[in-house]
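Chemist: So that we are looking at the same thing, I have put the structure below in structure tokens.
What follows is calculated from the coordinates using simple rules that are stated; it is not laboratory data. Model, not experiment: these values are computed from the prediction. With ideal geometry, Cβ positions are generated from the backbone for all residues, glycine too; neighbour counts draw on all protein chains shown.
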Ligand SMILES: [Zn+2]
Ligand SMILES: [Zn+2]
């Protein structure tokens with residue numbers, strides 16, 4: 001029987017659920033009162049995971065033939081099947097994941113899908129389940145097209161994408177400290193090579209020092225190479241969540257809130273240039289815009305349409321100070 005790569009994450013579900021059970025039990029013993037799990041948050045995360053898995057299964061049906069077109073007609077190389085080509089595929093996809101992830105934090109259209117993953121104020125293994133069914137609409141799949149052009153077969157592309165995401169489940173935890181911090185530990189090198197719980201906790205934080213950092217999928221070398229790496233500082237605990245907090249546990253609202261907000265913003269500004277900014281500027285553009293709208297009176301708000309004189313675009317697009 002041939003293994004269906006698209007079902008890889010579902011096949012790993014028992015491992016994921018066992019980890020969640022262990023972590024909830026462990027944290028209740030070691031950090032009583034910290035309430036690092038909540039039923040409502042965990043159930044919402046689980047519902048989001050199921051919705052995303054169903055949507056993904058359908059989306060692959062449409063996307064795999066597109067990869068096949070690039071593979072069949074435009075590939076520049078033909079790899080001999082084996083461990084070497086698997087290693088090449090793994091490294092190439094992990095680099096593209098870094099690019100995709102960084103773009104997802106800098107382009108609102110992509111952020112509208114990715115924000116779902118960041119919108120919980122808790123950080124535990126179940127946070128990894130918190131995914132958006134809108135990734136195929138946002139265009140995540142486009143980032144893997146170069147793999148087909150490089151000569152990797154479509155099914156292998158799907159498998160490596162899911163292996164990468166499967167690995168990332170294990171970095172969503174507060175139960176594991178920074179590797180190498182304990183005297184005598186020989187695991188410190190892991191923090192230099194791989195995405196780890198410590199590194200990914202930073203990624204989920206909205207502290208000024210941490211926000212929009214550590215985009216790694218599996219290998220953290222990309223963050224270190226491209227200047228987006230920040231160390232977890234024990235003197236500054238992470239504050240999890242997003243700049244404009246989301247006050248709901250309803251999976252559909254969590255999934256679509258940023259798309260709705262983007263549509264509202266795009267409708268409320270005048271001129272193609274500003275409408276495009278509402279869709280594709282960094283997410284901080286929207287946060288600044290909303291802050292400005294909140295600061296204005298209702299009357300002003302009606303005229304808060306942005307124009308050359310009232311140039312919100314001049315606001316810093318950066319989310320860091
Ligand atoms: Zn992210
Ligand atoms: Zn994450």
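Chemist: Please check: in the Gaussian network model of the chain (C-alpha springs, under 10 Å), which one of 62, 205, 34 has the largest mean-square fluctuation.
Modeler: It is 34.
Chemist: If you average the alpha carbon positions of the range 112-126 and of the range 219-294, how far apart do those two centres end up, in angstrom?
Modeler: The distance from the Cα centre of the range 112-126 to that of the range 219-294 comes to 12 Å.
Chemist: How long is the gain from residue 137 to residue 76 if the chain were fully straight, where each residue apart is worth 0.36 nm and the alpha carbon distance is subtracted?
Modeler: Contour length minus Cα-Cα distance gives 19.2 nm.
Chemist: Rounded to the nearest 500, what is the chain's calculated 222 nm mean residue ellipticity when only DSSP H runs of at least 4 contribute -39500 (n - 2.57) each, over all residues?
Modeler: -17500 deg cm²/dmol
Chemist: For the range 1-66 and the range 181-203, what is the separation of their C-alpha centers, rounded to whole Å?
Modeler: Computed from Cα coordinates, the inter-centre distance equals 23 Å.
Chemist: Mind checking which of 246, 293, 133 has the largest fluctuation in a GNM of the chain, springs on alpha carbons under 10 Å?
Modeler: 293
Chemist: Another one. May I ask you to derive the FRET efficiency for residue 209 and residue 26 from their Cβ-Cβ distance with R0 = 25 Å, giving the value to the nearest 0.05?
Modeler: Step by step, r from the Cβ atoms, then E = 0.35.
Chemist: Counting other beta carbons within 10 Å of each Cβ, put 253, 178 in order, fewest first.
Modeler: Least to most surrounded, the residues fall as 253, 178.
Chemist: So for 73, 105, 257, fewest C-beta neighbours within 10 Å to most, what's the order?
Modeler: Lowest count first: 73, 257, 105.
Chemist: Here is a further query. If packing is taken as the mean number of other Cβ atoms within 10 Å per residue, what is the order of 42-48, 11-17, highest first?
Modeler: Ranked by mean Cβ neighbours within 10 Å, highest first: 42-48, 11-17.
Chemist: Between 264, 102, 201, which gets the highest mean-square fluctuation from a Gaussian network model of the chain, Cα cutoff 10 Å?
Modeler: So, out of 264, 102, 201, the one fluctuating most is 264.
Chemist: Just round it to a whole percent: the fraction of Cα-Cα distances in the chain exceeding 33 Å.
Modeler: Result: 30 percent of Cα pairs exceed 33 Å.
Chemist: Given Cα pairs under 8 Å that are at least 6 residues apart, what percent is the relative contact order of the chain?
Modeler: 20
Chemist: While we're looking at this one, here's another question. What ranking of 186, 275 emerges when the number of other C-beta atoms within 10 Å of each C-beta is taken as an exposure proxy, fewest first?
Modeler: Arranged by neighbour count, lowest to highest, 186, 275 become 186, 275.
Chemist: Expected output is a single nm value to one decimal: the length gained when fully extending between residue 290 and residue 273, i.e. 0.36 nm times separation in residues minus the C-alpha distance. What is it?
Modeler: This chain segment gains 4.3 nm when fully extended.
Chemist: Let me ask something else about it. Separation between the residue 4 and residue 247 pseudo-spin-labels, each 7 Å from Cα along Cα→Cβ, expressed in nm?
Modeler: 4.2
Chemist: Quick one: Cα convex hull volume of the range 1-134, Å³ per residue?
Modeler: Per residue, the Cα convex hull of the range 1-134 comes to 166 Å³.
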